[in-house]
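As structure tokens, the structure follows; a few thoughts come after it.
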Amino acid sequence: MTEPASDAPARPGLVVVLAAGAGTRMKSDLAKVLHPILGRPLLGHVLASVAQTQPHNVVVVVGHQRDQVEQYLAQEFPSVRTAVQVEQNGTGHAVRCALEGLAAQGVELGAEPVIVLAGDTPLISSDTLTDLVATHTRTHAAVTVLSAELNDPFGYGRIVRDADGDVLAIVEQKDATSQQAQINEINSGMFAFNPDTLVSALARLTTDNSQGEEYLTDVLAIAREDGLSVSAHKANDPDEVHGINNRAQLAAATALLRDRINTAHMVSGVTIVDPATAWIEPGAVLAPDAVIERNSAVDAHSSVGAGAVVGPDTTLLGTTVEAGARVVRSHCDGALIGSGANVGPFTFLRPGTILGARGKIGAFVEVKKSTIGEGSKVPHLSYVGDATIGEGSNIGAATIFANYDGEKKHPTVIGNHVRVGSDSILVAPVAIGDGAYTAAGSVITEDVPAGAIGIARGRQVNVNGWVARSRPNSDSASSAAAANGANDSGSEHE
Ligand code: UD1
Ligand code: MG
């Protein structure tokens, strides 16, 4: 038999995450645990930390708005089990439902500690969970609660200790005496339990409290009455235990997570000009020497290369910005921006936009499902859809790629080193060959061969003297008379 190494990190047997409550204080049609912070639901943050502790089993207790929660879990955490709490009779009742549900699925409780967490404390880190299990194991306690000292403990259960400082019980805010309400050490709602203690105490919970619920927190007092030892592990960072019960707390936790993420990026060499207005989701990849300017957001599926500058006022969704590119005041969704390229200001990139190295998509340009080759430019006021543009081409100001005939979308293909004149309309499907030009103001409905110029507009006719005849005595007429007199006296009536 091999003994496990004594310094091996403690690993939980089972993690139970409570997510069945009604979340009444959110006043929302969306389940509380599905409210996102930085793009990921509260429950997802908890489960991501849990996954890093490598438990043998994870079960989420679902009930209220169960379909929504189960659907999310099936999509994002398919290996997590669920147990149903049909009526929400309290956190203790919820854990009982979890254990019953697991038994029905043939999962046996081993000897390792059972961790219980709430789905509404998204800032918990895996390190703190690992520390909780380590303290629990080291102190041979029957129950270990993760506690924290908060300046404003209102709303949380309080940790009641005896004269020796040993944990006696947890008292809920609504059940606390005014003296207990002074206690600053709070219950995070996270615990490590010995499986036997948990099962035995859960069977003895009552609803004798102000909310008429079976409180999980009462397990501590029951364990003490049984003569077992109860300990508390105080979180190093009290921010980790923030429970979300309303939208103000949701915003506060979001800001804390934002700061945590931004600090980690800055420590790794990313410049974040104003960390209070940079919203970087967990999962976003930022290379050292990337710069995030004010008021900008980078979602979980985006990346920013070395030396690239994003912002100010820019949103990246599922977008890759390669090294040295700049994206200013733009909204980019599903785009690839090549190295050294320039985007913005006021640019809208939609899914499927690929901009080659050193290319440019400028002010008031919208691009959808189009590839723009290396060094090619769409500098001003254009719509580009379903297009392929070669290298070194220039699309003049206010060019529209008319890709939609009212029923179907059609492609436009533009070669290398093409010059599309300003205010052209390219009616797809259409192709413009390498090195070709289009005249400004053209409506191009037929292909333009390589090296040709496509001109598709009315010819200009100047009718001399029209103003003097048709607008006599007007300011325009006298200006014209003065100009013509200066150039060529008397030529006005030719
Ligand atoms: C709970 C704790 C409190 C602690 C706080 C930390 C109890 C009695 N109180 O209070 O001591 O300071 O968390 O944030 O445990 N849930 C169920 N089924 C239920 C009831 C709740 O699954 O029947 C789930 C909820 O979905 C939620 C979690 O349990 O994810 C906590 O419930 P909540 O109502 O938020 O408890 P708090 O009042 O915050
Ligand atoms: Mg809560």
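Here, each number is a calculation from the coordinates, and none is a lab measurement. Please read all numbers here as calculations on a predicted model, not as lab measurements. Backbone-built Cβ (ideal geometry, glycine too); neighbour counts: all protein chains shown.
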Q. On average, how much area does the Cα convex hull of segment 195-354 cover when viewed from any direction, in nm²?
A. 13.4 nm²
**Q.** Along principal axes, Cα extents of segment 291-446, largest first, whole Å
**A.** 44, 32, 19
Q | With 5 Å bins from 0: P(r) over segment 24-94, alpha-carbon pairs, percent | A | 3, 15, 26, 27, 20, 8, 2, 0
Q: Would you please give the FRET efficiency between E407 and D29, computed as 1/(1 + (r/R0)^6) with r the Cβ-Cβ distance and R0 = 60 Å, to the nearest 0.05?
A: 0.95
Q. Rounded to the nearest 0.05, what FRET efficiency is calculated for S126 and Q71 with R0 set to 35 Å and r the Cβ-Cβ distance?
A. 0.90
Q. When the Kirkwood hydrodynamic radius is evaluated over all pairs of different C-alpha atoms of segment 42-189, what value in angstrom, to one decimal, is obtained?
A. 16.9 Å
(Q) Could you tell me how many cubic angstrom of Cα convex hull volume segment 92-153 has per residue? (A) 129 Å³
Q: Any chance you could give the angle, 0 to 90 degrees and rounded to 10, that helix 42-52 forms with the longest Cα principal axis of the chain?
A: 70 degrees
Q: Would you please put 304-316, 60-72 in order of how densely packed they are, using the mean number of other Cβ atoms within 10 angstrom per residue and starting with the highest?
A: 304-316, 60-72
Q: Compute the long axis of helix 91-104 from its Cα atoms, compare it with the longest principal axis of the Cα atoms of the chain, and write down the angle in degrees, 0 to 90, nearest 10.
A: 90 degrees
Q: Can you check how the C-alpha radius of gyration of the chain compares to 2.2 N^0.38 Å, as a plain ratio?
A: 1.44
Q | Spin-label pair A111/R247, simplified geometry with 7 Å Cα→Cβ offset, distance in nm | A | 5.1 nm
Q: Counting helices only, and only those DSSP H runs with n ≥ 4, report the 222 nm mean residue ellipticity of the chain as the sum of -39,500 (n - 2.57) divided by its residues, in deg cm²/dmol to the nearest 500.
A: -6500 deg cm²/dmol
Q: Using only the Cα atoms of segment 196-237, build the gyration tensor, take square roots of its eigenvalues as a ≥ b ≥ c, and label the shape rounded, prolate or oblate: rounded if a/c is under 1.5, else prolate if a/b is larger than b/c, else oblate.
A: oblate
Q | Formal net charge of residues neighbouring G39 (Cβ-Cβ distance under 14 Å; K, R +1; D, E -1) | A | -2
Q. Could you work out Rg/(2.2 N^0.38 Å) for segment 372-413, with Rg from alpha carbons only?
A. 1.18
Q: Pull out the extension gain between V267 and A163, defined as 0.36 nm times the separation in residues minus the alpha carbon to alpha carbon distance; nm, one decimal.
A: 33.1 nm
Q | Gained length - A255 relative to F346, 0.36 nm times residue gap less alpha-carbon distance | A | 30.1 nm
